[in-house]
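S.K.: There's a structure below that I have some questions on.
The values are calculated or read from the model by the stated rules, or taken from the named source; none is laboratory data. On a predicted model such as this, the values are computed, not experimentally measured, just so you know. When we count neighbours, we look across all protein chains shown, and the Cβ atoms used for this are built from the backbone with ideal geometry, even at glycine.
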Amino acid sequence: MIALIETISEWAIPFLIGFIPLYGWLKGVKVYETFVEGAEEGFRMAVRMIPFLVGILVALNIFESSGALDSVIHFLSKPLDYLGVPAPVVPLLLVRPLSGGAALGITTGLLHHYGPDSFVGRLASTVQGSTDTTFYVVTLYFGSVAIKKIRYALIVALIGDAAGFIAAVFICHQLFH
Amino acid sequence: MVNIVWLVLIVGGLVVSALHHSMLPVTQAIVTGSEKAVEVAFGFIGIMALWLGMAKIAEESGLMRAFSRLLAPFVSRLFPGIPKDHPAMGSMLMNMAANILGMGGAATPFGLKAMEQLQELNPVKDVASANMITFMAINTASINLIPATVIALRVAAGSRNPTEIVGPTIFATSVASVVAISAERLFRHFQNRSKS
């Protein structure tokens, strides 16, 4: 089953890059001109999100480099340990929604330090894979259409993240402990 | 809420660094943060242009509409008010398909394209519509079948069974999605009630 899924994901991109133009050509679309016309938009979209990205990345950088993030991690690791989250995984839980690069770094570190087949390694892998960098996605998606009032979007996304973390801790305790 | 989060990140960070007497690293971080934002945005241009070009061909040839008609019945309940053959539906489905199949680079361009098409249906242009928030919630929970990056990391770290986390990951990501979508429904419900 997993081999099948892996084959599909390996073929998906090359298949689409070949199939879409071929289908278009068969339907009488001027494929190259149409492609260029659509592709032009890429630049505009990227430029439109810059102000939003600057805002969020500067704020996150300040919070991280100042040591404020470490203080929060330190503060939360005791109560989370009570709830079955091993202390080494706590930084990952907090960083995962904030910074994709930093989360990847922490996961890599945990896998090497504790071993990928340890409880810490398995829980870290599950947490890393099961959610995305929420702050970044929210910024990107609303920034690209220049929406400034995002209403309850962030709270909804963070509730989802929290649920994902709880589910990851729960399932790893069930399967791996 | 986003205003408060933003303010807390900045002011909280500055206060802590003042307590640590380390204003120089923070100054450095401010500069690199703004530079990185531009780097990220520009790093996107190539892959975005590629998939937006492909999306345009798929649109003109009717492929996108056929694809939406085929799959929209499964997700249209999540997005009330969006016609099944609206271009936004096609882009959202492509985004979800790309996420599920682990086509990393392709998901974002289709997602952003979908946001643009949802924006056309949005009556108030600078305020997020409920359907946009639902769509974003699905994306932040990032439903995927193959956490390819994590598996690669586990292989590199010498795991005996690198794919054993696939099942737990699918479980956790499904819970996250269901909870996020339900939370969105609740907020939507209460906001509508308080308006009427």
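Let's see how each residue does on (1) part of a helix (DSSP H, G or I); (2) surrounded by fewer than 18 Cβ atoms within 10 Å (Cβ to Cβ); (3) modelled with pLDDT under 90; (4) of a type in the set (D, E, K, R):
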| site | (1), (2), (3), (4) |
| --- | --- |
| B:PRO80 | no, yes, yes, no |
| B:ASP85 | no, yes, yes, yes |
| B:MET89 | yes, no, no, no |
| B:ALA98 | yes, no, yes, no |
| B:LEU112 | yes, no, no, no |
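S.K.: I'm told A:LEU140 meets every condition in (1) free of Cβ contacts under 8 Å to residues at least 12 places away in the same chain; (2) closer than 21 Å to A:MET49 by Cα except one. Can you identify the failing condition by its number?
M.R.: Answer for A:LEU140: the failing condition is (1).
S.K.: Further, regarding this structure: Have a look at A:LEU80, A:LEU104, A:LEU98, A:LEU111 and point out the one that is assigned to a helix (DSSP H, G or I) and touching a residue at least 24 places away in the same chain (Cβ under 8 Å).
M.R.: A:LEU104
S.K.: Which pairs do you get when a residue that is within 18 Å of B:SER76 (Cα to Cα) and facing chain A (nearest Cβ under 7 Å), found in region B:112-138, comes within reach of a residue that is surrounded by 24 or more Cβ atoms within 10 Å (Cβ to Cβ) and β-branched (Val, Ile, Thr), reach meaning Cβ atoms under 7 angstrom, with the pair 6+ apart or on two chains?
M.R.: B:ILE133/A:VAL156; B:MET136/A:VAL138; B:ALA137/A:VAL156
S.K.: Are any residues in region A:65-77 assigned to a helix (DSSP H, G or I) and within 7 Å of chain B (Cβ to nearest Cβ), and if so, which ones?
M.R.: A:SER65, A:ALA68, A:SER71, listed by residue number.
S.K.: Considering region B:146-169 alone, what residues qualify as being aliphatic (A, V, I, L, M), in a loop (DSSP other than H, G, I, E, B) and in contact with a Pro (Cβ under 6 Å, 6 or more places away or on another chain)?
M.R.: Within region B:146-169, just B:ALA157 meets the criteria.
S.K.: Just to check your reading of the model, which residue among A:ILE155, A:ILE166, A:ILE150, A:ILE159 is within 20 Å of the chain's Cα centre (by Cα) and either within 21 Å of B:GLU116 (Cβ to Cβ) or among the hydroxyl-bearing types (Ser, Thr, Tyr) (or both)?
M.R.: Just one listed residue meets the conditions, A:ILE150.
S.K.: Among the listed residues B:VAL178, B:VAL166, identify the single one that is crowded, with 21+ Cβ neighbours inside 10 Å and either β-branched (Val, Ile, Thr) or more than 7 Å from chain A (Cβ to nearest Cβ) (or both).
M.R.: Result of the check over B:VAL178, B:VAL166: B:VAL166.
S.K.: Pick out the one residue from A:PRO116, A:PRO97 that is within 22 Å of B:ALA152 (Cα to Cα), buried (at least 19 other Cβ atoms within 10 Å of the Cβ) and facing chain B (nearest Cβ under 7 Å).
M.R.: A:PRO116
S.K.: A follow-up question, please. Identify the residue in region A:119-132 that is more than 8 Å from every other protein chain (Cβ to nearest Cβ) and under 15 Å from A:VAL95 (Cβ atoms) and, among all such residues, is farthest from the chain's Cα centre (by Cα).
M.R.: A:LEU123
S.K.: All but one of (1) outside any loop (DSSP other than H, G, I, E, B); (2) more than 8 Å from every other protein chain (Cβ to nearest Cβ) hold for A:VAL137; state the number of the condition that does not hold.
M.R.: Every condition holds for A:VAL137 apart from (2).
S.K.: Right, here's the next one. With respect to A:ALA59, is the statement that it is modelled with pLDDT of 90 or more and assigned to a helix (DSSP H, G or I) true?
M.R.: So A:ALA59 passes the test.
S.K.: If you don't mind, there's one more thing I want to ask. Could you run through region A:3-27 and say how many residues are surrounded by fewer than 13 Cβ atoms within 10 Å (Cβ to Cβ) and farther than 19 Å from B:MET94 by Cα?
M.R.: 3
S.K.: Here is a further query. So, of the residues in region A:28-56 that are of a type in the set (Phe, Trp, Tyr) and within 7 Å of another protein chain (Cβ to nearest Cβ), which turns out to be surrounded by the fewest Cβ atoms within 10 Å (Cβ to Cβ)?
M.R.: Here the answer is A:PHE43.
S.K.: Let me ask you something else. If I ask for residues that are in contact with an Asp or Glu (Cβ under 6 Å, 6 or more places away or on another chain) and in a loop (DSSP other than H, G, I, E, B), which ones from region B:133-145 would you list?
M.R.: Within region B:133-145, just B:SER142 meets the criteria.
S.K.: Right, another one. Name the single residue, out of those in region B:144-160 being surrounded by fewer than 19 Cβ atoms within 10 Å (Cβ to Cβ) and under 24 Å from B:ALA106 (Cβ atoms), that is farthest from the other protein chains (Cβ to nearest Cβ).
M.R.: B:ALA152
S.K.: On to the next question. Got at least one residue in region A:155-174 being assigned to a helix (DSSP H, G or I), of a type in the set (S, T, N, Q), out of contact with any strand residue (DSSP E or B) (no Cβ under 9 Å at 6 or more places or on another chain) and crowded, with 19+ Cβ neighbours inside 10 Å?
M.R.: no
S.K.: Could you identify the single residue in A:ILE106, A:ILE62 that is crowded, with 21+ Cβ neighbours inside 10 Å and facing chain B (nearest Cβ under 8 Å)?
M.R.: A:ILE62
S.K.: Do you know which residues across region B:59-78 are touching a residue at least 12 places away in the same chain (Cβ under 8 Å) and either among the aliphatic types (A, V, I, L, M) or outside any helix (DSSP H, G or I) (or both)?
M.R.: B:MET64, B:LEU71, B:ALA72, B:VAL75, B:LEU78
S.K.: Being in a helix (DSSP H, G or I) and surrounded by 24 or more Cβ atoms within 10 Å (Cβ to Cβ) is the filter here; which residues of region B:118-132 pass it?
M.R.: Across region B:118-132, the qualifying residues are B:LEU118, B:MET132.
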